[in-house]
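K.L.:
Please find one structure pasted underneath; my questions will follow.
Readers should treat all values here as calculations from the given coordinates under stated rules, not as data from a laboratory. Predicted, not measured: the structure shown is a model, and the values here were computed from it. Using ideal geometry, Cβ is built from the backbone for each residue, glycine included, and neighbour counts are taken over all protein chains shown.
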Amino acid sequence: MSILNSLISIVSLNSQKHSIAYSSASFSNGDNFGLNHVSKLNKQTNTQTHNGPTITEMSFFDEEIKKSIWDGKIPIIFTLSPNDLTSHIPPSPYSLMAPRNSYFPLITNVVKEHFKSSTLVLADEMWLEYNGVPIKWHIPIGVLYDSLVGGNNKTSEDDPNQGYWNLVVHFQSYPDKILKCPNEEYIKTHYKNVLKEANYIKQGDITKLNNLNINQTNELWDGLKYHDYDKFWSINKKFYPNSTKEYKYIPIRIIYNCKPPVQELIPVFDENGEETTLQMLFNFIPFQNVENILGNSNSSSNSNSNNNDDNDDNNNNNVSKSDQVKEIDSKFKTLFDYLNSGVKYKIQGIEPDLSSSVVWLNEFFGYPDNFLYIVLLDPISK
Amino acid sequence: MEDTDTTNTAATSPSNVTQPSSPTPQTRSNIVQDKLVVYFKNAGGAAALKQKKFKLQSNLSFQNVTEKLRTQLKLKSNESLFLFVNQVFQPSPDETLGELFKCFSHNDQLIINYSDLPAWG
């Protein structure tokens with residue numbers, strides 16, 4: 001009976017989230033095509049909740065949400081860098097709808113083919129750039145987009161490229177800052193390891209992953225590679241416990257400006273036995289733990305760290321890491337305080353309500369590597 | 001052998017609980033320490049280190065950690081080395097040591113297994 005109770009409470013929680021998803025999607029300026037489905041579902045689910053949901057109805061709608069998140073795509077226009085152009089006529093730009101839940105090397109072969117004939121410099125691997133920033137291929141596309149473009153894709157009304165993500169294609173001078181990806185095996189190894197890491201956090205071991213046979217492992221990879229929902233989720237669902245009680249921690253990553261992630265062990269329940277919400281999560285994370293990725297936008301890993309163990313004495317180490325414009329207020333105790341100062345966050349392109357259950361978000365808004373990525377948006381570029 | 005500061009690796013360290021600023025009472029996650037103890041364990045054909053525990057800066061990237069270990073082992077550039085956290089996974093080169101420590105340390109140390117082959121791949 002307690003299971004039924006919790007199921008019903010999950011349904012009501014879900015319906016709250018959907019209304020948020022709906023309102024956020026409506027002003028997200030077309031960067032969340034997948035979420036149109038969620039918005040449609042929103043109304044239906046609410047009606048169902050009023051009528052008293054049954055288990056089958058619930059799982060049906062949940063499945064639809066999962067699929068909508070999976071189907072989220074970003075329209076991208078690729079243009080060849082003028083430095084690489086060796087033909088007389090510049091090639092036309094190439095556009096495609098990129099799945100949020102994928103990685104660039106898995107989808108850019110067509111882009112490479114398109115530009116190959118217009119450049120003679122093929123000595124290096126192809127790489128992508130946005131506004132001068134080299135794109136890190138090992139971060140999921142949706143996280144990259146939220147982090148680099150976030151809420152400020154609202155260019156002027158008469159811009160013909162409005163709503164598109166404009167990326168520049170390079171074939172030379174591969175930047176040191178980003179990892180190399182010479183072949184598919186690299187991305188496969190990377191993906192497998194992040195998946196292991198997330199599942200290790202989630203369950204304390206990776207038995208479920210190790211128990212996969214070779215066919216299942218291939219099915220999972222093919223599902224990701226060819227963006228095949230049924231294939232991918234037929235295996236991926238095995239990594240999600242049937243009951244929240246089987247979770248050890250929820251694997252989450254906080255991302256800012258595509259810098260290395262901040263990771264925390266988020267308990268599923270608080271000390272009163274209540275399911276962790278986004279607000280509780282933000283309160284759980286001391287501001288000091290995210291401070292390093294927020295300051296100093298140029299260096300990736302060599303930024304200075306918290307030099308003191310004393311919580312109250314963090315004024316002095318803040319002076320050196322002030323950004324050129326942004327001043328980080330050292331009075332923040334937690335990430336929640338920081339967000340309260342007007343900073344936005346995005347998960348799969350939207351800003352789910354603070355009352356959303358984190359364990360639910362992890363399963364439904366998580367990326368294929370099983371991490372829930374929470375992207376903090378730069379307050380100065382709003 | 002070496003002692004870190006008085007951190008608990010468990011997620012709920014009472015010493016770090018400050019006044020909650022929201023209506024929901026919550027304990028806090030640990031604050032990342034400046035220096036952390038890393039314990040290197042060899043496997044396969046990789047040589048053991050004389051000194052196995054190191055105090056390293058928490059803001060090092062995993063790439064830095066790999067480079068440091070390679071230097072310690074005096075490996076040539078053509079000799080392969082694979083590093084695993086707790087015999088489970090290979091972190092990405094850009095993950096920071098402090099974040100890994102926060103999630104995967106036991107008894108105030110992070111165990112990194114290394115091998116000349118991808119032993120737990």
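K.L.:
Cβ neighbours within 10 Å, averaged per peptide: list A:358-370, A:65-77, A:107-119 in order, most packed at the top.
P.N.:
Highest-to-lowest ranking by the protection proxy: A:358-370, A:65-77, A:107-119.
K.L.:
Is there a simple number for the mean count of other chain Cβ atoms within 10 Å of the Cβ of residues in A:259-267, and what is it?
P.N.:
6
K.L.:
Mind listing the phi-derived Karplus ³J(HN,Hα) values for the stretch B:99-115, rounded to whole Hz, using 6.51, -1.76 and 1.60 with θ = phi - 60°, and x for any glycine or proline?
P.N.:
Result, rounded to whole Hz: 5, 5, 4, 4, 9, 10, 7, 10, 6, 6, 9, 9, 8, 10, 8, 10, 8.
K.L.:
Hey, another quick one. Over the alpha carbons of the stretch B:51-121, what is the largest minus smallest coordinate on each principal axis, giving the biggest first in Å?
P.N.:
32, 24, 24
K.L.:
Sort A:277, A:86 so that the residue with the fewest other Cβ atoms within 10 Å of its own Cβ comes first and the one with the most comes last.
P.N.:
Ordered by Cβ neighbours within 10 Å, fewest first: A:86, A:277.
K.L.:
List every residue whose amide H lies under 5 Å from the amide H of residue A:373, counting only residues 5 or more places away in sequence or on a different chain, with H placed 1.01 Å from N in the peptide plane.
P.N.:
When sequence neighbours closer than 5 places are left aside, the close amide H contacts are A:253, A:367.
K.L.:
Could I have the simple spin-label model distance between residue B:53 and residue A:186, label points 7 Å from Cα toward Cβ, reported in nm to one decimal?
P.N.:
3.8
K.L.:
Enumerate the amide H contacts of residue B:41 below 5 Å, restricted to partners 5 or more residues apart or on another chain; note that Pro and chain-start residues carry no placed amide H.
P.N.:
For residue B:41, whose amide H was placed from the backbone, the distant partners under 5 Å are B:112, B:113, B:114.
K.L.:
Within a 10 angstrom radius of each residue's Cβ in A:190-196, how many Cβ atoms of other chains show up on average? Whole number is fine.
P.N.:
4
K.L.:
Which whole number gives the average count of other chain Cβ atoms within 10 Å of the Cβ atoms across peptide B:99-106?
P.N.:
Across the residues of B:99-106, the mean count of other-chain Cβ atoms within 10 Å is 4.
K.L.:
Quick one: order A:128, A:120 by neighbouring beta-carbon count within 10 Å, fewest to most.
P.N.:
A:120, A:128
K.L.:
With the crude spin-label approximation of a point 7 Å out along Cα→Cβ, what separation in nm comes out for residue A:226 versus residue B:81?
P.N.:
About 4.1 nm separates the two model spin labels.
K.L.:
Rounded to the nearest 20 debye, what is the charge dipole size of the stretch A:184-239 about its Cα centre when +1 sits on each Lys and Arg Cβ and -1 on each Asp and Glu Cβ?
P.N.:
200
K.L.:
Let me ask another. Could you tell me the calculated FRET efficiency between residue B:107 and residue A:331, based on Cβ-Cβ distance and R0 = 51 angstrom, to the nearest 0.05?
P.N.:
Once rounded, the FRET efficiency stands at 0.90.
K.L.:
If amide hydrogens are placed 1.01 Å from N in the peptide plane, which non-local residues have theirs closer than 5 Å to the one on residue A:344?
P.N.:
Those qualifying (amide H under 5 Å, at least 5 residues apart or on another chain) are A:377.
K.L.:
Next up: Can you give me the relative contact order of the stretch B:36-115 as a percent, contacts being Cα pairs under 8 Å and 6 or more apart?
P.N.:
That works out to 46 percent.
K.L.:
Quick one: Karplus J couplings for the stretch A:180-186, per residue in order, coefficients 6.51, -1.76, 1.60, θ = phi - 60°, nearest Hz, x for Gly and Pro?
P.N.:
7, 9, x, 7, 4, 4, 5
K.L.:
Using the Karplus curve 6.51 cos²θ - 1.76 cosθ + 1.60 with θ = phi - 60°, work out ³J(HN,Hα) for each residue of the stretch A:267-282 in order, rounded to whole Hz, and write x for Gly and Pro.
P.N.:
Once rounded to whole Hz, the list reads x, 6, 10, 8, 5, 8, x, 8, 5, 4, 9, 4, 4, 4, 4, 5.
K.L.:
A follow-up question, please. Computed on alpha carbon atoms, what radius of gyration and Dmax characterise the stretch A:184-239, expressed in Å?
P.N.:
Cα only, the stretch A:184-239: 10.8, 30 Å (Rg, Dmax).
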